[in-house]
Amino acid sequence: DAKTTQPPSMDCAEGRAANLPCNHSTISGNEYVYWYRQIHSQGPQYIIHGLKNNETNEMASLIITEDRKSSTLILPHATLRDTAVYYCIVKGSSNTGKLIFGQGTTLQVKP
Amino acid sequence: GAGVSQSPRYKVAKRGQDVALRCDPISGHVSLFWYQQALGQGPEFLTYFQNEAQLDKSGLPSDRFFAERPEGSVSTLKIQRTQQEDSAVYLCASSLARQGQPQHFGDGTRLSIL
């Protein structure tokens, strides 16, 4: 599975959009991009995933570049409860594959 | 609906004791994963089940770690003769069998070895 690179930390003002980048330049054609977040003392929470097209759900939007070498997770209106570690993970489509977590991005939403 | 449930939420054991950690996956989820998360680190894969078959145990750190899922639903992770370095949060995740389906995690068991 391809490796991902994320900034170690980011700040965002409450109510503003949080844009979290992820580089995955070695991604292969059948690999998905998954985003999880982990709030202190909880398990990782699935946010969104995509293959080629941009995706949106009730939590966030995922923008994947045309060459698929990078992506951005967008939280449209960040709240204090969005403060967490955000992990970008690239994994093949098989349901048997393990997730390989990097260090993630610590997002601090400030009032 | 109900998510992945893990018990106990916290476990304290003395070095050398055996412990058993339980995972109840989401109903109907064929795939089940165990991860270990050390303080300040991301989760690391331990083992994977598809139904009752353990298809990948490459992440188990030693032969003191053993996992089972005898009926293809509930799973137990057992650690024998615990050592201080086993202190960590143990996370369980489950997913459907379809391609690309995400894994859903429980809140983990925090294991402290004294």
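The values are calculated or read from the model by the stated rules, or taken from the named source; none is laboratory data. Just so it is clear, the structure is predicted and the values come from calculations on it, not from any experiment. In this analysis, Cβ positions are derived from the backbone assuming ideal geometry, glycine residues included, and neighbour counts consider all displayed protein chains. All accessible areas refer to the heavy atoms of the entire protein, side chains included, with ligands and DNA or RNA removed. Shrake-Rupley method; radii C 1.70, N 1.55, O 1.52, S 1.80 Å.
Answer yes or no as to whether A:I63 is closer than 21 Å to A:V85 by Cβ, more than 14 Å from every other protein chain (Cβ to nearest Cβ) and touching a residue at least 24 places away in the same chain (Cβ under 8 Å). Answer is no for this residue. Filtered by the rule that a residue be surrounded by 15 or more Cβ atoms within 10 Å (Cβ to Cβ) and over 16 Å from A:V85 (Cα atoms), region A:1-12 gives A:D1, A:A2. The condition of being away from chain A (no Cβ under 14 Å), closer than 21 Å to A:P44 by Cα and either open to solvent by 30 Å² or more (accessible area, probe 1.4 Å) or in contact with a Phe, Trp or Tyr (Cβ under 8 Å, 6 or more places away or on another chain) (or both) holds for only one of B:S27, B:S5, B:S62, B:S31, that being B:S27. The set of residues in region A:13-39 that are closer than 11 Å to A:D82 by Cα and either in contact with a Ser or Thr (Cβ under 9 Å, 6 or more places away or on another chain) or not hydrophobic (A, V, I, L, M, F, W, C) (or both) comprises A:E14, A:G15, A:R37, A:Q38, A:I39. Filter region B:86-114 down to the residues that are in contact with a Phe, Trp or Tyr (Cβ under 7 Å, 6 or more places away or on another chain) and facing chain A (nearest Cβ under 7 Å), then identify the one that is surrounded by the fewest Cβ atoms within 10 Å (Cβ to Cβ). Applying the filter and picking the extreme gives B:G100.
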